[in-house]
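Engineer: Below is one structure. I have some questions about it.
The values are calculated or read from the model by the stated rules, or taken from the named source; none is laboratory data. Keep in mind that this is a model prediction, so the values were computed, not measured. Quick reminder, even Gly has a Cβ in these numbers, built from the backbone with ideal geometry, and neighbours come from all protein chains shown.
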Amino acid sequence: MKPEAVLLELLAWFRREKRQLPWRGTRDPYGIWVSEVMLQQTTVGAVRRRYEAFLSRFPDIASLARARPETVLAAWSGLGYYARARNLHEAARRILRDHAGRLPRDPAALRALPGFGEYMAAAVASLAFGARVPAADANVTRVLSRLFAIEGVAGTRAHADEVCVHATALLARGRPGDVTAALMDLGQLLCTPRRPDCVACPLSAGCAARRLGAVARFPRKKPRPRTSRVFVAAAAAKDNGRVLLVPSTQELLRGLWLFPCAQADSPARALARLRVAARGLGLLLERGGPIGQTRHTIVHRRLEIAIYRALPPNPKSEFRNPKSVRWLTSGQLQTAAIPTLTRRIAVAAGFLPAGRQRILESHASRCAPSVRRGPR
């Protein structure tokens, strides 16, 4: 199918069926950038609920750059993949310092900023500035792989290069932002990973994969890593209506606050390790079984979490390092820089209502990692 014919059908369909999304109604490069960062490995539905609130808190690059890191992480809480928020904040600081507070238009300059890989730089340059550079996320990659029957494994350099060749040919003849957005929408709405709606697809007549009767075969994917089961024991210490949190020591959750916890390959070992960690904080675990249980999945690790009541020292000055802990009320907990893991434990232990968790929690932590953006 020639690029001219693809564009004609694709853009006609896009004018009729394009999704109405908050970030589609802006010409502000900053707003487009924020949406692209949020959409990495996070569903459109989750981002739709959080996008406008984030921009209300940080309406421009300057306000984001001048905010404290913990404030940014708190506003991001529940969206998962917190390195995105840290990179977003650091990039804003560099833009304010090195680019007079304006997002660079050049893809090469964008790639030099934290969090701007090849895809992010291309997407922002294309959608915000109309640059004719291919931005192939998972949806665009799937559409073009099927349309042109591109062999190879998605995510490899050779496959990505061929996808970009076809995307570049389309961008040369249409408005880059519209072409990129139309391919994304087509992949999200019709050309889905499973059970694609080929009958309704505007490009089905020229789809090479459909002619071969092998739509499901394109693109080939790398095997997913096996999900591992991990047992976690968490300590819930409460005093005068406040709960105890400690800073995360994991790079993945750096800058966020957690309940004291320990992990192992069995519940008994996790509990034994928690007792040691609790003593290091000056806490004593109560005897008896867990007061609550919950589950959480982070990438390919399924956490089975048991929560145990802990007794705080009296007076609290007996803490080994009082500056390394934080006592938060229920209200403070709801607005603090905490990950979904902490929120789940707080709900299971009765410190937060379950409804609050459902409102704030996104499905980001359930998405598999990818070189490019996940489902939109």
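Engineer: Output the number of residues of segment 296-351 satisfying the condition of being modelled with pLDDT of 95 or more and among the aromatic types (Phe, Trp, Tyr).
Structural biologist: So the answer is 1.
Engineer: Sticking with this one: Residues that are touching a helix residue (DSSP H, G or I) at 6+ places or on another chain (Cβ under 6 Å), in the same structural domain as SER126 (by TED's automatic domain parsing), under 25 Å from ALA200 (Cβ atoms) and not basic (Lys, Arg): does segment 51-61 have at least one?
Structural biologist: no
Engineer: Identify all residues within segment 223-260 that are over 24 Å from the mean Cα position of the chain (by Cα) and under 30 Å from ASN87 (Cβ atoms); write none if there are none.
Structural biologist: Within segment 223-260, ALA234, VAL243, LEU244, PRO260 qualify.
Engineer: When only residues in segment 55-95 that are in a loop (DSSP other than H, G, I, E, B) and more than 18 Å from the chain's Cα centre (by Cα) count, which is surrounded by the most Cβ atoms within 10 Å (Cβ to Cβ)?
Structural biologist: By that ranking, first place goes to PHE58.
Engineer: Filter segment 61-80 down to the residues that are under 16 Å from TRP33 (Cβ atoms) and not small (Gly, Ala, Ser) and list them by number.
Structural biologist: Residues satisfying the conditions are ILE61, LEU64, VAL72, TRP76, LEU79.
Engineer: Among the residues of segment 19-43 satisfying the criterion of being more than 15 Å from SER126 (Cα to Cα) and touching a Leu at 6+ places or on another chain (Cβ under 7 Å), which is modelled with the lowest pLDDT?
Structural biologist: THR42
Engineer: Another question, if that's okay. Is at least one residue of segment 352-368 among the β-branched types (Val, Ile, Thr) and at pLDDT 90 or above?
Structural biologist: No, because not a single residue in segment 352-368 is among the β-branched types (Val, Ile, Thr) and at pLDDT 90 or above.
Engineer: So if I check each of LEU281, LEU245, which one is at pLDDT below 95 and of a type outside the set (Gly, Ala, Ser)?
Structural biologist: Answer to the check: LEU281.
Engineer: Just to be sure I understand, how many residues within segment 229-276 are of a type in the set (S, T, N, Q) and either under 20 Å from PRO290 (Cβ atoms) or assigned by TED's automatic domain parsing to the domain that holds THR71 (or both)?
Structural biologist: Qualifying residue count, segment 229-276: 2.
Engineer: Also: Enumerate the pairs (first residue in segment 247-267 and more than 16 Å from LEU328 (Cβ to Cβ) and surrounded by fewer than 18 Cβ atoms within 10 Å (Cβ to Cβ); second residue anywhere and at pLDDT 95 or above and among the basic types (Lys, Arg)) with beta-carbon separation below 6 Å, excluding pairs fewer than 6 apart on the same chain, so at least 6 apart or on different chains.
Structural biologist: Final answer for the pair search is ALA264/ARG273.
Engineer: Same structure, new question: Hey, can you tell me all the residues within segment 63-82 that are touching a residue at least 24 places away in the same chain (Cβ under 8 Å), among the hydroxyl-bearing types (Ser, Thr, Tyr) and over 12 Å from GLY255 (Cβ atoms)?
Structural biologist: If the condition is that a residue be touching a residue at least 24 places away in the same chain (Cβ under 8 Å), among the hydroxyl-bearing types (Ser, Thr, Tyr) and over 12 Å from GLY255 (Cβ atoms), then TYR81 is the only one that fits.
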